[in-house]
Amino acid sequence: MHWLFSILLIVVGAMAAYAGIVRTWPNLRQGLDKIVPYQGILGLIALVWGALNLLHILLHLGGYTMMPTVWLILALAANAIAVLLGLILGYGLIAQYLLTNSPDARRRGEDLRARIAPRQVALGWAAIVLGLLGLLLPMMM
């Protein structure tokens with residue numbers, strides 16, 4: 001399952017950094033255009049998966065003492081970035097299905113999204129790097 005999360009992180013990161021990726025590598029535009037319609041769903045998956053992983057790591061932190069510190073920091077960073085990108089990319093679906101009945105919750109959600117959105121591209125690139133590290137580091141060990 002670890003490699004699947006790494007692939008999800010790369011895909012979500014690529015959608016978040018879409019403009020920079022297309023500008024740098026124009027031949028990737030067709031592939032990214034095929035997955036952009038699923039941005040909200042993939043964002044929600046990243047949000048839930050990252051939040052559950054973070055919760056698991058924090059609740060079982062004592063069991064991770066045998067893990068190298070670098071691995072633990074990378075795991076925490078990858079899951080935190082997945083949660084943030086999940087909020088950004090999945091916000092449309094969250095607002096549509098969960099925040100429609102409460103104007104106060106919708107306003108707070110917009111405020112949260114407005115604070116995170118300027119960092120979307122940087123978070124996307126970080127997600128791509130962490131996803132690639134998640135795929136490559138286990139093969140090197």
>> loosely packed, with under 13 Cβ neighbours inside 10 Å, of a type outside the set (D, E, K, R) and touching a residue at least 60 places away in the same chain (Cβ under 8 Å): which single residue out of Ala14, Ala19 fits that description?
In response: Ala19
>> Given the criterion modelled with pLDDT of 90 or more and farther than 19 Å from Leu123 by Cα, identify the matching residue among Leu44, Leu55, Leu9.
In response: Leu55
>> For the structure I just gave you, tell me whether Gly50 is at pLDDT below 90 and either out of contact with any Asp or Glu (no Cβ under 8 Å at 6 or more places or on another chain) or aromatic (Phe, Trp, Tyr) (or both).
In response: no
> Counting only residues that are without any contact (Cβ under 8 Å) to a residue 12 or more places away in the chain, of a type in the set (A, V, I, L, M) and either in contact with a Cys (Cβ under 8 Å, 6 or more places away or on another chain) or assigned to a helix (DSSP H, G or I) (or both), how many does segment 78-100 have?
Replying inline: 0
> So which residues in segment 14-27 are part of a helix (DSSP H, G or I), within 19 Å of Leu123 (Cα to Cα) and not small (Gly, Ala, Ser)?
Replying inline: Met15, Tyr18, Ile21, Val22, Arg23, Thr24
> Just to be sure, is Ala75 under 13 Å from the mean Cα position of the chain (by Cα), part of a helix (DSSP H, G or I), under 16 Å from Gly131 (Cα atoms) and at pLDDT 90 or above?
Replying inline: no
> Restricting attention to segment 95-124, which residues are under 23 Å from Ile7 (Cβ atoms) and buried (at least 17 other Cβ atoms within 10 Å of the Cβ)?
Replying inline: Gln120, Leu123, Gly124
> Right, Leu52: surrounded by 14 or more Cβ atoms within 10 Å (Cβ to Cβ), out of contact with any Pro (no Cβ under 9 Å at 6 or more places or on another chain) and hydrophobic (A, V, I, L, M, F, W, C) or not?
Replying inline: no
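Quick grid of which residues meet (1) in contact with a strand residue (DSSP E or B) (Cβ under 7 Å, 6 or more places away or on another chain); (2) under 16 Å from Gly13 (Cβ atoms); (3) outside any helix (DSSP H, G or I); (4) aliphatic (A, V, I, L, M):
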residue	(1), (2), (3), (4)
Gly43	no, yes, no, no
Leu47	no, yes, no, yes
Leu52	no, no, no, yes
Ala114	no, no, no, yes
Ala117	no, yes, no, yes
Gly124	no, yes, no, no
Leu135	no, yes, no, yes
Met139	no, no, no, yes
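The values are calculated or read from the model by the stated rules, or taken from the named source; none is laboratory data. This one's a predicted model, so the numbers in the text were calculated from it and none came from an experiment. A quick note on method: Cβ atoms are made from the backbone with ideal geometry, for glycine too, and the neighbour counts reach across all protein chains shown.
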